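Here is the structure we will look at.
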Amino acid sequence: MDVRMLTVGAIAENCFVLRRDDSDRALIVDPGDEADRIMVPVRELGLTVEAILITHCHFDHIGAVAPVARETGAPVYCPQIEVPVLADIMSFVPGPFGPFESYDADETVAGGETLELAGFEIDVIFTPGHSPGHVTYSIRDEDAIFSGDVLFQGSVGRVDLPGGDWETLLASIRTLVDSHPPETAVHPGHMGMTTLGAERASNPFLAELAS
Ligand SMILES: [Fe+2]
């Protein structure tokens, strides 16, 4: 698997462009801002983007969905109960950020689906707690998850925003840890890469999960 991580926007959000080895079919996860930067590897490698996958609809993860969808023609997969946020982004943006262009989702996910896109089989896992509709995309055969703002290196997603809840988030993290091997690569929505095993062993927020 070839993964390009682009850290974009005012909140330093991680957008990912991924493909199977040297395939020309690609996916984009969470195009949060700076569409032109996100499109650089797509253009340079001549990639066909088969889908844009959204983990959750906080503005820093979706700010570039509309322009990236327009340029690639790719369908946008959005957590079902957060579709109204994507469709009216600026009503949910705090402070001086934006403007961002809204987008009407092409497909919805709620967790439990298996997507076949760009040569990948992708399990969609419902992982609420940071936001009410948050999902994690798990790439079969690659031991890799794209987990948005569920889990970070040494930290976890904040739970003080609307729809956030700590016990729910912890249960979501437990679901990921219990269903994946420890070497699973965590592609997080902020900060650097980590693994589920490393976080289970040393992340202070996950003390309840440590074995
Ligand atoms: Fe978030």
Practice prompt. For residues that are in a strand (DSSP E or B) and polar (S, T, N, Q), tally how many sit in region 1-25.
Written response: 2
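Looking at Gly73, is it small (Gly, Ala, Ser) and within 14 Å of the ligand (Cβ to nearest atom)?
On the way: small (Gly, Ala, Ser): yes; within 14 Å of the ligand (Cβ to nearest atom): no.
So Gly73 does not fit the description; no.
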Worksheet entry | Test for Val83: is it among the hydrophobic types (A, V, I, L, M, F, W, C) and either surrounded by fewer than 18 Cβ atoms within 10 Å (Cβ to Cβ) or away from the ligand (no atom under 13 Å from the Cβ) (or both) | yes
Worksheet item: Of all the residues that make up region 175-196, how many are part of a helix (DSSP H, G or I) and either aliphatic (A, V, I, L, M) or without any contact (Cβ under 8 Å) to a residue 40 or more places away in the chain (or both)?
Response: 4
Item to complete: State all residues of region 32-57 that are in contact with an Asp or Glu (Cβ under 9 Å, 6 or more places away or on another chain) and within 26 Å of Pro128 (Cα to Cα); if no residue qualifies, say none.
Response: Gly32, Asp33, Ala51, Ile52, Leu53, Ile54, Thr55, His56, Cys57
Worksheet entry | Output for region 55-73, where each listed residue is over 17 Å from Gly98 (Cβ atoms) and buried (at least 24 other Cβ atoms within 10 Å of the Cβ) | Thr55, His56
Discussion item. Any residue that is more than 27 Å from Leu6 (Cβ to Cβ) and exposed (fewer than 14 other Cβ atoms within 10 Å of the Cβ) - is there at least one of those in region 183-197?
Written reply: no
Discussion item. Take the residues in region 125-144 that are surrounded by fewer than 21 Cβ atoms within 10 Å (Cβ to Cβ) and outside any strand (DSSP E or B); name whichever of them is farthest from the ligand (Cβ to nearest atom).
Written reply: Asp141
Worksheet, complete the sentence: Subset of region 31-48, residues open to solvent by 10 Å² or more (accessible area, probe 1.4 Å) and not in a helix (DSSP H, G or I), comes to Asp33, Glu34, Leu45, Gly46, Leu47, Thr48
Worksheet entry | Subset of region 106-124 (residues that are open to solvent by 30 Å² or more (accessible area, probe 1.4 Å) and hydrophobic (A, V, I, L, M, F, W, C)) | Ala110
Worksheet item: Residues of region 17-50 being touching a helix residue (DSSP H, G or I) at 6+ places or on another chain (Cβ under 6 Å) and at positive phi, which ones?
Response: Asp30
Item to complete: Pairs only if they're at least six apart or on different chains, beta carbon under 8 angstrom, first in region 161-174 and under 22 Å from Ser138 (Cα atoms), second assigned to a helix (DSSP H, G or I); list them, first residue then second.
Response: Leu170/Leu206; Leu170/Glu208; Leu170/Leu209; Ile173/Leu206; Ile173/Leu209; Arg174/Leu209
Worksheet entry | Test: Ser147 is in a loop (DSSP other than H, G, I, E, B), within 26 Å of Arg4 (Cβ to Cβ) and at pLDDT 95 or above | no
Fill in: Among (1) within 25 Å of Met5 (Cα to Cα); (2) more than 16 Å from the ligand (Cβ to nearest atom), the one test that Phe152 misses
(2)
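The values are calculated or read from the model by the stated rules, or taken from the named source; none is laboratory data. Treat the numbers as computed from the prediction; the structure is a model and nothing was measured. All Cβ positions, even for glycine, are placed from backbone atoms using ideal geometry, and neighbour counts span all protein chains on display. Side chains are part of the model used for accessible areas, which takes the heavy atoms of the whole protein and leaves out ligands, DNA and RNA. Shrake-Rupley method; radii C 1.70, N 1.55, O 1.52, S 1.80 Å.
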